[in-house]
1. Please count how many residues of the stretch A:27-45 are surrounded by fewer than 20 Cβ atoms within 10 Å (Cβ to Cβ) and more than 16 Å from the chain's Cα centre (by Cα).
2. Tell me, please, whether a residue that is open to solvent by 20 Å² or more (accessible area, probe 1.4 Å), at pLDDT below 90 and away from chain A (no Cβ under 14 Å) can be found in the stretch B:336-356.
3. Need pairs with beta-carbon distance below 6 Å; first residue facing another protein chain (nearest Cβ under 8 Å) and in contact (Cβ under 8 Å) with a residue 24 or more places away in the chain and within the stretch A:89-105, second assigned to a loop (DSSP other than H, G, I, E, B) and surrounded by 24 or more Cβ atoms within 10 Å (Cβ to Cβ); sequence gap 6+ or separate chains.
4. I'd like to know if the stretch A:122-130 contains one or more residues that are touching a residue at least 24 places away in the same chain (Cβ under 8 Å), open to solvent by 60 Å² or more (accessible area, probe 1.4 Å) and part of a helix (DSSP H, G or I).
5. From the list A:34, A:80, exactly one residue is within 13 Å of another protein chain (Cβ to nearest Cβ) and of a type outside the set (Gly, Ala, Ser). Which is it?
6. For the subset of the stretch A:81-119 comprising residues that are in contact with an Asp or Glu (Cβ under 9 Å, 6 or more places away or on another chain) and assigned to a helix (DSSP H, G or I), which member is surrounded by the most Cβ atoms within 10 Å (Cβ to Cβ)?
7. Given B:216, B:182, which one is among the hydrophobic types (A, V, I, L, M, F, W, C) and in contact with an Asp or Glu (Cβ under 9 Å, 6 or more places away or on another chain)?
8. Please work out which one of (1) within 14 Å of chain B (Cβ to nearest Cβ); (2) assigned to a strand (DSSP E or B); (3) surrounded by 20 or more Cβ atoms within 10 Å (Cβ to Cβ) is the condition residue A:18 fails and give its number.
Amino acid sequence: MYELKDVSKHFEKSGRSVPALEHVDLTIEEGDVLAIQGPTGQGKTTLLQLLGGLDRASSGTVMFDGQDLGRLGEVKLADLRARAFGFVFQTFNLIPTLTALENVEVALVPLHARGVERRRRAAATLEEVGMAERSSHLPSELSGGEQQRVAIARAIVKDPKVLLADEPTGNLDEETRDEVVNLLESMSRFRDLTLVIVTHDSTVARRAPRVALIKKGRLSIRERKRSESPA
Amino acid sequence: MLFTYLARELRRRSKQAAVVALGLGIGVALVVTVSAASAGVKTAQATVLHSLYGVGTDMSVTQTAAAGSGGPQRFSLGGSGTAPAAGTPFARDVLSASAGSATFSSSKVAEIEKLKGVNAASGGLLLDDRNISGTFGSFGLGASSSSGSSSSTPPPISFNSFSVAGVQVATKSVGPLTASEVTSGRWFTADENSSAVAIVSSSYAKQQSLKLGSSVTVAATNLDVIGIASLPSGSTTDVFLPLGEAQKLSDLPGEVTTVYVSAKSASEVSAVVASIHKLMPNATVTTSADLASEVTGSLSSASSLATNLGKWLSIAALLVAFSVAALLMVAAVSRRVREFGTLKALGWRTRRVVGQVMSEGLVQGLLGGVVGVGLGIGGAALVSGVAPSLTATVGPSFATGGGFGGSGVRGTGASLGGLGGPSGEGVRRNVADLTHSVAVHLTAPVEGHTLLLAILLAIAGGIVAGSLGAWRAARLRPANALRKVE
């Protein structure tokens, strides 16, 4: 599904080139569950954004299903994000003026789904994540865990191929964290999604069969042995 | 979804949306009010021009009176040589060409009518009727011998004057009087060219208690009042006669003082003026534009105010309103970077995000338009309510050119100046008195196209503001937008 070859990313800061990722090689197969773990500011989110077509590599290639994301135009990238990638953010990023149901509907707008169809699919997905009864509430009326459930519903409502979660438990307490991780895992399993979770939390990372450790922009992969069971 | 999102966003930022809409509204309201006041000034100018010029007329043709000619005739009250005895009554009623007017052959009317670009032409004979009556005193005019004292009060002398115009009975739409202005009674019939009939202005009828069927005396001849005309404010002609009758009573057969001309189109006016000059080299051709440039007084000041200060004030207000709206929109977009980054991450195309921001600007522009129209109509009503009456004055320089079409001069001083003196002196004194002032009430009518312009301006302001906000949103790269959150 994904094949990253010699990917580097640099940012310009005060006229200097600051490296975020350096010479990253990574392969992710369809249905993989991968945790990208590392301290804050080491390039985890940058890698996730390259995987999600939100940014372009400074050098190297990011191939997704045979397409070089670095060579796709903005419109094609937007279409790919609309259909293939589902994003979950640390700060939930729900539209504050829209209800939970409408926030989920927002993800179906670029797919040109009609209003009735949008609402039906959004309601069904909210029910799937246990938020059916809160569908008419605004984000400000929901707890952090509930907001993240709505965000997960928004990410999966369009049946994407990949679920990209950026510190999805970063703003949650332990109990809620486990609920959200369980939900992500179950969604991945039942919908046959490829799941990539960026986290600094080793508890969350330990639950993934593959963990990519990132430090100062360099990546190393640790494969969990089959005998090892997730925590 | 677009409308739901739009409505919720505007509600969330209701204070800012209100400020943008109000700002645009105030700018637009100024445009509406100034446009309305400007339209009111134009209407007032048209009223003045009509009063001086005649409805439906594009230009008037006159000839300047030669020095020492024209003007009021000398009154000859006591015969030649011998002074009349004290106590002898006297009365004279003289009808003569208006001061400063020269007469010329009415055949020119037909010649002008045949010129290319002329729609219609009508001859007019502008006259002043002056009558004086009283008794001679012991030592001449006005002295009394009733008490035998030289210091005794002289017997009263009655002096009266009014303006008269001869009009072509066959031409109803051009001239000092048109058929549409006759509001009571009727217009002259074709066979009344030399009949003793008259149409009087409503103000003169009121002053003299005249009504249909009454008699009005012109040049010592009684004429039947067959119509009463409602003339534009400032018109000073009192009595209108058939041209033939006016020529007969003034002893000016076959003469006119003015030809009123309407062109086939506004674009042909200058060509017609040139043709008339070719036909009548000594003629003065006055167009409505010439006349408008001669208008002074508070009306002129108001016109200048509306076109200069008003225009620049409106432009400045609009610029400020547009700038404030644009700054607020850009600031709003800056606060929503995360939101737009998220939408882009969800697959929204830049075009769609831009459309969302633009539509918010558009709706605020529309709201501003509605507010502006309301405030503008209120402002125009205020101008109409509190504006004082304006005066328009046409100075002597124009009067001596003989450009007055429908006007005459009413009063006593001018005619007395002619008593016993050389007629040329009379003309000069009359000319000095010819400065013509008209009081006009200023209204500020709000026209439909002004309201449309106001709404379009407000929408344009909203779109400009939205475009700047949208430009900011379009430049956002999703990764950068989301990174700012962290």
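1. Let us first name the residues in the stretch A:27-45 that are surrounded by fewer than 20 Cβ atoms within 10 Å (Cβ to Cβ), namely A:27, A:29-32, A:39-41.
Restricting the remaining residues to those that are more than 16 Å from the chain's Cα centre (by Cα) gives A:27, A:39-41.
Residues meeting the conditions: 4.
2. No, the stretch B:336-356 contains no residue that is open to solvent by 20 Å² or more (accessible area, probe 1.4 Å), at pLDDT below 90 and away from chain A (no Cβ under 14 Å).
3. Nothing qualifies.
4. The answer is yes, given that some residue of the stretch A:122-130 is touching a residue at least 24 places away in the same chain (Cβ under 8 Å), open to solvent by 60 Å² or more (accessible area, probe 1.4 Å) and part of a helix (DSSP H, G or I).
5. Numbers: A:34 fails: within 13 Å of another protein chain (Cβ to nearest Cβ).
Only one candidate qualifies: A:80.
6. A:100
7. Numbers: B:182 fails: in contact with an Asp or Glu (Cβ under 9 Å, 6 or more places away or on another chain).
Testing whether each residue is among the hydrophobic types (A, V, I, L, M, F, W, C) and in contact with an Asp or Glu (Cβ under 9 Å, 6 or more places away or on another chain) leaves just B:216.
8. That leaves (3) as the condition not met.
The values are calculated or read from the model by the stated rules, or taken from the named source; none is laboratory data. Values in this document were obtained by computation on a predicted structure and should not be read as measured data. Reconstructed Cβ throughout: ideal geometry from the backbone, glycine too, with neighbour counts over all protein chains shown. These accessible areas exclude ligands, DNA and RNA; they are computed on the full protein's heavy atoms, side chains included. Shrake-Rupley method; radii C 1.70, N 1.55, O 1.52, S 1.80 Å.
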